[in-house]
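Data block below; observations after.
The values are calculated or read from the model by the stated rules, or taken from the named source; none is laboratory data. None of these values were measured; they are calculated from a predicted model. Cβ coordinates were reconstructed from backbone atoms using ideal geometry, including for glycine residues, and neighbour counts include every protein chain displayed. For the accessible areas, the whole protein counts, side chains as well, though only heavy atoms, and no ligand, DNA or RNA atoms are used. Shrake-Rupley method; radii C 1.70, N 1.55, O 1.52, S 1.80 Å.
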Amino acid sequence: MEKAFSFGQYNSMAGILTEPGTPGQNKQPIVIILNAGLVHHAGPHRMTVELARTIASQGYMTFRFDLSAIGDSAARKSRLSYEERAVDETKEAMNFLSSLYGVNKFIIIGLCTGADNAHRVAVADKRVIGCVFLDGYAYPTFRFYLYRILPKAHKLTQKIVNPKKWIHLARKITKRITARDNADTSEYMENVYWKLPHKEQAAKEYAELISRSVCLYFIFTEEQILSFNYTNQIRDSFKNLSFGNLLSVDLFALSDHTYTFMSQQKLLFSGIKNWLGANFPNKA
Amino acid sequence: MTPFYFGDSKKQLYGVYHPSTAHSQNTEAVLICYPLWREYFRTHRAITQLANKLADSGFPVLRFDYSATGDSAGNTEECSLEQWLQDIQTAISELKDLSAASKVSIVGLRFGAALAALISQRTQINKLVLWDPVVNGKSYIQNMKDMHNAYVKQHLQEVRQPVHKLLLKDNEYFGFKLPPSILSSISEVALLKTKVKANYAYLCVTEEKPEFRELRAYLNEQKIKGAYNFVESSVAWDSVEALEVVHIPPAIVQGIVDFFKNGVN
């Protein structure tokens with residue numbers, strides 16, 4: 001069962017709540033799915049609708065909504081930047097849901113700029129206890145460059161008895177071209193995607209999320225190969241941070257950025273379902 | 001605008017109602033019929049803008065998702081042409097209730113235009129706007145298949161993968177698994193053989209195609225008073241390169257609003 005709502009300042013925002021097929025635990029966190037770029041709340045290929053219904057069938061109330069001036073939400077006059085508005089308006093969604101259901105715990109899912117917004121909301125609001133970032137932030141590491149330069153390296157390292165010697169040799173080669181690649185990657189991230197926060201800032205924000213025990217699930221597609229190419233890349237990027245069991249990462253090697261292919265959508269849905277079940281078990 | 005669900009509670013339809021924001025409300029209300037699937041997402045913003053402009057001009061507007069599409073109930077695999085036509089009738093009733101309008105007109109885009117033409121045989125329609133209509137269902141489905149296959153190959157080249165059996169599936173088109181029944185129903189749709197009934201018709205297109213000229217002549221043959229508007233645009237419905245383009249042709253949107261405001265000269 002789904003319900004459509006107008007909410008927020010001037011009741012100008014539109015959102016749809018998908019209720020669980022079977023009632024979940026009282027005060028179970030509510031899952032909020034953000035806009036993927038400018039695509040309205042149904043999501044690319046109707047994926048957000050299917051995802052919301054899949055999650056709800058597992059017992060989690062799920063809410064998808066449009067930020068102002070996207071989809072079915074009206075434009076607002078505001079002096080705030082898009083990023084600031086996205087945070088404020090997601091907080092309005094959480095306030096609205098809290099007032100309706102008395103729930104003060106939320107899990108945010110975002111694809112593309114939605115992942116960007118999910119990160120900011122999680123940092124800004126302590127009611128967020130979990131985040132799923134679909135093609136979210138990624139920072140290059142030595143291994144990232146290695147795999148990028150030598151596409152076969154990943155397979156080779158699995159076979160080498162003593163990878164340290166091999167890596168030492170590769171490091172010499174890659175040092176010469178790292179600077180050039182770094183420039184390429186930064187340009188790509190700024191122009192095609194979003195402005196990647198400075199790594200130091202991201203580290204500080206992840207530390208804050210870890211201190212609050214926020215569960216983080218990063219899922220990357222093969223189309224993000226210019227920024228992410230192996231599943232341990234996030235842990236390697238932030239070696240000083242103890243993510244422990246709070247961090248989960250998947251790389252879907254065949255998927256495009258918006259999960260156009262059904263087999264990849266199934267993988268995504270199953271990944272999120274399993275992650276939710278493991279980290280936020282429904283005790284109903 | 002107000003988002004809401006309506007219709008049978010077991011098959012609820014998602015719609016957004018735009019009441020008139022002008023000083024005086026027109027006695028004519030407008031139902032907008034979306035295109036399908038990939039094209040729905042490309043045009044959602046343009047249609048929302050059209051609805052806002054019509055409402056600002058005094059016309060109450062309802063836009064809604066057919067069953068098993070958008071936010072309406074049902075899985076994509078349950079798509080049915082007959083159900084969509086019933087949905088349009090349900091939406092017309094809902095729009096009349098909401099607006100208290102005495103006349104209903106329909107704006108249909110792409111396959112939404114074909115559905116609007118089909119429903120005109122069952123329900124009285126005042127004005128019928130056919131925006132880049134799908135004239136021949138068979139060609140439309142074939143083109144969708146060709147574009148999907150071209151996209152799969154292009155994507156696999158980008159990710160340096162060989163042609164992969166996981167990605168090449170029958171009846172899968174741009175993220176939608178479509179039942180064979182809907183593909184065959186759509187294939188049977190031919191506007192040049194469909195008896196269209198409306199007081200007025202407005203054909204607006206972004207490409208000069210022979211089929212649009214034929215459709216224009218066909219509407220004239222049926223003695224429907226009408227107008228024709230060609231606005232050159234890069235919308236490229238048949239191009240795999242333009243798949244991600246969110247297209248808003250302002251001249252088309254304005255042309256439709258003017259048609260409702262000024263009628264046929």
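Remarks
- Residue match in the range A:42-59 (condition: buried (at least 22 other Cβ atoms within 10 Å of the Cβ), away from every other protein chain (no Cβ under 12 Å) and part of a loop (DSSP other than H, G, I, E, B)): no
Rundown of residues vs (1) within 30 Å of A:MET262 (Cα to Cα); (2) modelled with pLDDT of 90 or more, yes/no style:
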| position | (1), (2) |
| --- | --- |
| B:ALA100 | no, yes |
| B:VAL107 | no, yes |
| B:ALA117 | no, yes |
| B:LEU130 | no, yes |
| B:GLY137 | yes, yes |
| B:LEU156 | yes, no |
| B:VAL189 | yes, yes |
| B:TYR202 | no, yes |
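- Complete set of residues in the range B:72-126 that are among the hydrophobic types (A, V, I, L, M, F, W, C), touching a helix residue (DSSP H, G or I) at 6+ places or on another chain (Cβ under 6 Å) and part of a loop (DSSP other than H, G, I, E, B): B:ALA73, B:CYS79
- Every test in (1) without any contact (Cβ under 8 Å) to a residue 24 or more places away in the chain; (2) over 20 Å from the mean Cα position of the chain (by Cα); (3) within 14 Å of chain B (Cβ to nearest Cβ) is passed by A:SER68 save one, and that test is (1).
- Entry remark, the range A:222-255: residues being out of contact with any Leu (no Cβ under 8 Å at 6 or more places or on another chain), in a loop (DSSP other than H, G, I, E, B) and within 14 Å of A:ILE210 (Cβ to Cβ) number 5 in total.
- Residue count for the range A:77-134, restricted to those that are touching a helix residue (DSSP H, G or I) at 6+ places or on another chain (Cβ under 7 Å) and assigned to a loop (DSSP other than H, G, I, E, B): 6
- Subset of the range B:48-64 [surrounded by fewer than 24 Cβ atoms within 10 Å (Cβ to Cβ) and assigned to a loop (DSSP other than H, G, I, E, B)]: B:SER57, B:GLY58
- Taking first residues from the range B:1-26 that are open to solvent by 50 Å² or more (accessible area, probe 1.4 Å) and partners that are in a helix (DSSP H, G or I), the Cβ contacts under 7 Å between residues at least 6 apart in sequence or on separate chains come to B:PRO19/B:ALA55; B:THR21/B:ALA55; B:THR21/B:ASP56.
- Matching residues in the range B:33-52 - criterion: being over 18 Å from A:ILE70 (Cβ atoms) and at pLDDT 95 or above: B:CYS33, B:PRO35, B:LEU36
- The set of residues in the range A:239-270 being without any contact (Cβ under 8 Å) to a residue 60 or more places away in the chain, over 15 Å from A:GLU222 (Cβ atoms) and of a type outside the set (D, E, K, R) consists of A:ASN240, A:LEU241, A:SER242, A:PHE243, A:GLY244, A:ASN245, A:LEU246, A:LEU247, A:SER248, A:MET262, A:SER270.
- Apart from one condition, A:PHE220 fits all of (1) modelled with pLDDT of 85 or more; (2) over 23 Å from A:ILE129 (Cβ atoms); (3) open to solvent by less than 20 Å² (accessible area, probe 1.4 Å); (4) not polar (S, T, N, Q); the exception is (2).
- The range B:12-25: number of residues that are out of contact with any helix residue (DSSP H, G or I) (no Cβ under 8 Å at 6 or more places or on another chain) and either more than 7 Å from chain A (Cβ to nearest Cβ) or not in a strand (DSSP E or B) (or both): 3
- Out of A:SER263, A:SER248, sole residue that is small (Gly, Ala, Ser) and over 16 Å from the mean Cα position of the chain (by Cα): A:SER263
- Among the residues of the range B:51-65, the one identified as away from chain A (no Cβ under 12 Å) and in contact with a Gly (Cβ under 9 Å, 6 or more places away or on another chain) is B:LEU62.
- Of the residues making up the range B:206-257, just one is at pLDDT 80 or above, open to solvent by 40 Å² or more (accessible area, probe 1.4 Å) and touching an Asp or Glu at 6+ places or on another chain (Cβ under 8 Å), namely B:GLU207.
- Single residue of the range A:235-272 satisfying the filter (among the β-branched types (Val, Ile, Thr) and open to solvent by less than 10 Å² (accessible area, probe 1.4 Å)) that is nearest to the other protein chains (Cβ to nearest Cβ): A:THR260
- Meets criteria (outside any helix (DSSP H, G or I) and surrounded by 18 or more Cβ atoms within 10 Å (Cβ to Cβ)) for A:TYR206: no
- Yes/no for A:ALA86 being closer than 20 Å to A:LEU38 by Cβ, surrounded by 24 or more Cβ atoms within 10 Å (Cβ to Cβ) and in contact with a Ser or Thr (Cβ under 9 Å, 6 or more places away or on another chain): yes
- The single condition from (1) at pLDDT below 95; (2) of a type in the set (Phe, Trp, Tyr); (3) part of a strand (DSSP E or B) that A:TRP166 fails is (3).
- Test result for B:ARG45, touching a residue at least 60 places away in the same chain (Cβ under 8 Å), open to solvent by 10 Å² or more (accessible area, probe 1.4 Å), touching a helix residue (DSSP H, G or I) at 6+ places or on another chain (Cβ under 8 Å) and within 11 Å of chain A (Cβ to nearest Cβ): no
- Within the range B:82-118, the set of residues being closer than 26 Å to A:MET1 by Cα, crowded, with 20+ Cβ neighbours inside 10 Å and aliphatic (A, V, I, L, M) comprises B:ILE88, B:ALA91, B:ILE92, B:LEU95.
- Note on the range A:7-19: among residues that are open to solvent by 40 Å² or more (accessible area, probe 1.4 Å) and at pLDDT 90 or above, the one that is nearest to A:PHE63 (Cα to Cα) is A:GLU19.
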